[in-house]
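**Q** A single structure is presented below for examination.
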Amino acid sequence: MNEKISPNLGLSLVRVTEAAALAAGRWMGCGNAVIANRLAADAMACIFNSLDIDGHIVIGEEGRLGVSSPFNSGAQVGNGNGPAMDVVTDPIDGTARLIKGLPGAMSVAGIAPRSSMWSPFPAVYMEKIIVGADAADALVPECIDAPAAWTLALVARAKGKPVRDLVVFVLDRTRHKDMISEIQATGARVMAHSQGDVAGALMAASRDVNVDILMGTGGVSEGVIAACAVKSLHGAMLGRLDPQTAEERAGIRNANLDTKQILTCDELVKGSNIYFAATGITGGVMLEGVHYHGEIATTESVIIRCETGTRRIVHTEHLIDEG
């Protein structure tokens, strides 16, 4: 199907992230990741399947989470009565933060015409470096293999500030221990989060947030989602597969995927007919969380349209059916 894509698709997409956030928000601090993820995914799928698109999930999270969901790789979303689209989504970016009552959890989704998005199934993890528009020209492929000090010096020069004033977002993982020490040795400051890969990408790419760069290895699906946002914000991103287990390495080898290839934003998601949406679940740097007031709930979301560079912040009041 080769139908025209509506410029209002972003407004439809944010209904999807709002639904997931509203379902997940009730489980803040509950300690139960399984039920929070299931309810958020079911709510998201319900709205997705009402949309006039022929959607295809290009890469899901089943390899890392080990569970089935409506958004596994290859799943179909939408009612089929519309344009053929690639879709990437995460009902809860930062599940551990949500169930512990910590800030920064959000629901996210990206969408673009069919065959636009990189689809490296069954890969699970990838290296990423992300910067905003003011340092986009400084990010070169050599940065992936270079010492952190070299990359940070390039970014600092582009931003017109000393390295010691940079803030670097890194996932707090054992695999990043040496990299964090290397970053700290330069004098730069580290913002280490337990989860929130896409949230970190948004912070690094946004001009009004005090985060200068994201570095480190995270999920492949989150990387493709992040590329939708980063490209739409005119930032820059480098990515490369980084398998973490023998099983993942074998799967990548059997799929003839290249673990040496370094991809840019334009290769991770092609073209400009791209939409990204995110809704806050627990309040954080980027977005307010869900607030419940009896029969009313409020959400804050962002919608970004790549083609026009438009970024909309949407405050929504929802009537909650407690039945």
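**Q** Hey, among SER115, SER68, SER119, which residue is small (Gly, Ala, Ser) and surrounded by 16 or more Cβ atoms within 10 Å (Cβ to Cβ)? Can you show your working first?
**A** On the way: SER115 fails: surrounded by 16 or more Cβ atoms within 10 Å (Cβ to Cβ); SER68 fails: surrounded by 16 or more Cβ atoms within 10 Å (Cβ to Cβ).
It is SER119.
**Q** With the checklist (1) of a type outside the set (S, T, N, Q); (2) buried (at least 19 other Cβ atoms within 10 Å of the Cβ); (3) within 25 Å of GLN195 (Cα to Cα) in hand, flag the one item VAL77 doesn't pass.
**A** Failed condition: (3).
**Q** Could you tell me whether any residue of segment 248-257 is part of a strand (DSSP E or B) and of a type in the set (D, E, K, R)? Give the steps one after another, and end with the answer.
**A** Step one: filter segment 248-257 for residues part of a strand (DSSP E or B), giving none.
For segment 248-257, residues part of a strand (DSSP E or B) and of a type in the set (D, E, K, R): absent.
**Q** What is the number of the single condition among (1) of a type in the set (Ser, Thr, Tyr); (2) more than 26 Å from MET85 (Cα to Cα); (3) in contact with a strand residue (DSSP E or B) (Cβ under 6 Å, 6 or more places away or on another chain); (4) not in a loop (DSSP other than H, G, I, E, B) that THR279 does not meet?
**A** Condition not satisfied by THR279: (2).
**Q** I need the full set of residues from segment 119-161 which are under 26 Å from MET286 (Cβ atoms), in a helix (DSSP H, G or I) and touching a Ser or Thr at 6+ places or on another chain (Cβ under 7 Å), in order please.
**A** From segment 119-161, those under 26 Å from MET286 (Cβ atoms) are 124-139, 143-144, 148, 151-152, 154-156, 158-161; that's our starting set.
So of that shortlist, the ones also in a helix (DSSP H, G or I) come out as 133-138, 143-144, 148, 151-152, 154-156, 158-159.
The answer is CYS143, ALA148, LEU152.
**Q** Go through ARG164, ARG157 for me and flag whichever is under 27 Å from ALA188 (Cα atoms), in contact with a Lys or Arg (Cβ under 9 Å, 6 or more places away or on another chain), surrounded by fewer than 20 Cβ atoms within 10 Å (Cβ to Cβ) and without any contact (Cβ under 8 Å) to a residue 60 or more places away in the chain.
**A** ARG164
**Q** Related question: Residue check: is ILE92 in contact with a Leu (Cβ under 8 Å, 6 or more places away or on another chain) and not assigned by TED's automatic domain parsing to the domain that holds GLY251?
**A** Numbers: in contact with a Leu (Cβ under 8 Å, 6 or more places away or on another chain): yes; not assigned by TED's automatic domain parsing to the domain that holds GLY251: yes.
Answer is yes for this residue.
**Q** Could you check segment 21-37 and list, in sequence order, the residues that are more than 18 Å from the chain's Cα centre (by Cα) and surrounded by 18 or more Cβ atoms within 10 Å (Cβ to Cβ)? Outline the logic, then answer.
**A** Within segment 21-37, the first condition is being more than 18 Å from the chain's Cα centre (by Cα), and the residues that meet it are 22-23, 25-36.
Result: LEU22, ALA23, GLY25, TRP27, MET28, ALA36.
**Q** Could you list, in sequence order, the residues of segment 143-153 that are farther than 13 Å from GLY239 by Cβ, touching a helix residue (DSSP H, G or I) at 6+ places or on another chain (Cβ under 8 Å) and not β-branched (Val, Ile, Thr)?
**A** Residues satisfying the conditions are PRO147, ALA148, ALA149, TRP150, LEU152, ALA153.
**Q** Moving to a separate point now. Which of the residues that make up segment 174-205 are part of a loop (DSSP other than H, G, I, E, B) and over 17 Å from VAL224 (Cα atoms)?
**A** From segment 174-205, those part of a loop (DSSP other than H, G, I, E, B) are 186-188, 194-196; that's our starting set.
Result: THR186, GLY187, ALA188, SER194.
**Q** Going through GLY55, GLY82, GLY78 one at a time, which residue ends up being in contact (Cβ under 8 Å) with a residue 12 or more places away in the chain and farther than 30 Å from ASN256 by Cβ? Walk me through how you get there before you give the answer.
**A** On the way: GLY55 fails: farther than 30 Å from ASN256 by Cβ; GLY78 fails: farther than 30 Å from ASN256 by Cβ.
Testing whether each residue is in contact (Cβ under 8 Å) with a residue 12 or more places away in the chain and farther than 30 Å from ASN256 by Cβ leaves just GLY82.
**Q** Still on this structure, I have one more. Confirm whether TYR275 is among the hydroxyl-bearing types (Ser, Thr, Tyr), surrounded by fewer than 22 Cβ atoms within 10 Å (Cβ to Cβ) and touching a residue at least 60 places away in the same chain (Cβ under 8 Å). Reasoning before the result, please.
**A** Numbers: among the hydroxyl-bearing types (Ser, Thr, Tyr): yes; surrounded by fewer than 22 Cβ atoms within 10 Å (Cβ to Cβ): no; touching a residue at least 60 places away in the same chain (Cβ under 8 Å): yes.
Criteria not met by TYR275.
**Q** Which residue out of ASP212, ASP242, ASP197 is at pLDDT below 95 and closer than 23 Å to VAL269 by Cβ?
**A** Just one listed residue meets the conditions, ASP197.
The values are calculated or read from the model by the stated rules, or taken from the named source; none is laboratory data. Just so it is clear, the structure is predicted and the values come from calculations on it, not from any experiment. Every residue, glycine as well, gets a Cβ built from its backbone with ideal geometry; the counts of neighbours run over all protein chains shown.
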